[in-house]
1. Take segment 149-168 and flag every residue that is closer than 24 Å to F71 by Cβ and assigned to a loop (DSSP other than H, G, I, E, B).
2. Would you point out the residue of segment 400-444, among those that are in contact with a Lys or Arg (Cβ under 6 Å, 6 or more places away or on another chain) and farther than 20 Å from S371 by Cα, that is surrounded by the most Cβ atoms within 10 Å (Cβ to Cβ)?
3. Here are N184, N207: which of them is touching a residue at least 12 places away in the same chain (Cβ under 8 Å) and either assigned by TED's automatic domain parsing to the domain that holds K123 or of a type in the set (S, T, N, Q) (or both)?
4. Count, please, the residues in segment 110-148 that happen to be under 23 Å from F71 (Cβ atoms) and either assigned to a loop (DSSP other than H, G, I, E, B) or at pLDDT below 95 (or both).
5. Can you find a residue that is farther than 22 Å from M257 by Cα, at pLDDT below 90 and within 24 Å of the chain's Cα centre (by Cα) anywhere in segment 29-37?
6. L214: touching a His at 6+ places or on another chain (Cβ under 8 Å) and closer than 25 Å to Y137 by Cβ, yes or no?
7. Among the aliphatic types (A, V, I, L, M), free of Cβ contacts under 8 Å to residues at least 60 places away in the same chain and not in a helix (DSSP H, G or I): does that describe I198?
8. Can you tell me which condition Q152 does not meet? The list is (1) crowded, with 18+ Cβ neighbours inside 10 Å; (2) modelled with pLDDT of 95 or more; (3) over 20 Å from V43 (Cα atoms), and all the others hold.
Amino acid sequence: MMLKNTLYLSIIACSSAFAANEYVELNVNDAWTPLNHTQGNFVFASAATDAEIDAGVVALKNTAGTVEIAFKEWPYLDGAHADEKVSILSLPSGRQVLADGTILEVGSFEIGNGETQISFAEKFEHTPHIFLTGQSYNNTEAYTARIHGVSQHGFTALKQGQEKTVNAALKETVAYLAIYAPNNSGTINGYNFQLDQIKLDHSSSANAPYGLYLQEDQSKDSEVAHIIEHVNILNFGKRVFAQDITAFGRDPIVPRMRNDFAQEPTGKSCAEIKTLYPLAPSDYYSITPSGSKTIKAFCDMEKESGGWTLFASHNTSATPTEADVVSPDTLSVMTDANWQALRDTMEYGMMVVDSTGKVGIIEKDALLNGSCIPLNQTESIAYNTAPYGRIWHTERSGCGGSGGDYSEIIINKGWSHAYNFTGAFSKWQFSGGYTAGIVAYYIK
């Protein structure tokens, strides 16, 4: 996956107009970096990683219409900071309603010292999840925006600089995102999000939810322990947006993400990655099947509950050709070693997909109990010596592949077929008992 991956999202507003939004994954450090394509929107930042442990905040400023981003340490530190992984979500001001019932309200307010009461433009029928991000840097010092007293009508906000007094007389502009989803999850233009609320303190343990912890500054004293706070979560993409909503402890805190948690998801299979990272998108991942070397593979994380590993992209015009990495965009099949590793660690079954997106699924037991060619006898996809290039074949009487009493899967020159005359497939969306239009073969 690329370090910076821009995903343009379209959300249908209640006026039926289209509002352009943007989700971006990037690195930030102490240098100000312009953000392109924010289109006049408000920008929300996820919890930064802790590749460098020094405390600070993700800061934004607007200079002559250009939004810039940086990681700014608290003033008592030296200010120099290495790259941290961050995501931003850029959204227009106003209220938007999605087709699944999700409601977004985005607005801004100015805040100085003390607390400020913020009212929503409209009452929410249910209490929404709130997220704040400062949009200005008027005092040229790091600050964090916190909230408490969230209701269907609004919330109370407060701005905090470092604990040791600094001169921060100017007001700052802070944006808020209020989001309600009927099932605490949804999809925006094909990209999944998930809402949650967790309890969090200063503990940076491997078992911390979402890899998060609350980091205090140490400008006034060296202690970093913080009472448990309730924290809103917006899991959108690979990063996590986090906002404490209780302010039980008044020492300045910022949610940080363990750097090891923020790395590209890995696992023994695409299915395991899907389990460990439910919102992982379809993409290329490093998987390490038991007893095998690490394989770079394309994982389909959406179709049929996700977690499927692509082992062949093929059609009837192609000759099976080996590739170290099989792509859905290029005709190729897995090397023998990679195929055998996936075959031997299969847990669920196989999925075949045609050019229109229709699928056929056959489960593990049926594959391993093929009466003529069980799947575990197929050692190669590219150099398969079985008749017609069958990788799996079952038949009620004999093994000749005639008479309409067989099911099989074929990958060969001139062949990209699936047959289901015996009903061996647990799911079959194709017309009739066979199809010659398979273009993608997956295993799980």
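The values are calculated or read from the model by the stated rules, or taken from the named source; none is laboratory data. Being a predicted model, the structure only gives us computed values, none of them experimental. Note: ideal-geometry Cβ built from the backbone for every residue, glycine included; neighbour counts use all protein chains shown.
1. Result: G161, Q162, E163, K164, T165, V166, N167, A168.
2. Residue satisfying both the conditions and the ranking: F430.
3. On the way: N207 fails: touching a residue at least 12 places away in the same chain (Cβ under 8 Å).
Going through N184, N207 in turn, just one is touching a residue at least 12 places away in the same chain (Cβ under 8 Å) and either assigned by TED's automatic domain parsing to the domain that holds K123 or of a type in the set (S, T, N, Q) (or both): N184.
4. Here the count works out to 9.
5. yes
6. Yes; evaluated as a whole, the condition is true for this residue.
7. Values: among the aliphatic types (A, V, I, L, M): yes; free of Cβ contacts under 8 Å to residues at least 60 places away in the same chain: yes; not in a helix (DSSP H, G or I): yes.
Considered against the rule, which asks whether it is among the aliphatic types (A, V, I, L, M), free of Cβ contacts under 8 Å to residues at least 60 places away in the same chain and not in a helix (DSSP H, G or I), I198 comes out as yes.
8. Going through (1) crowded, with 18+ Cβ neighbours inside 10 Å; (2) modelled with pLDDT of 95 or more; (3) over 20 Å from V43 (Cα atoms) one by one, Q152 breaks only (1).
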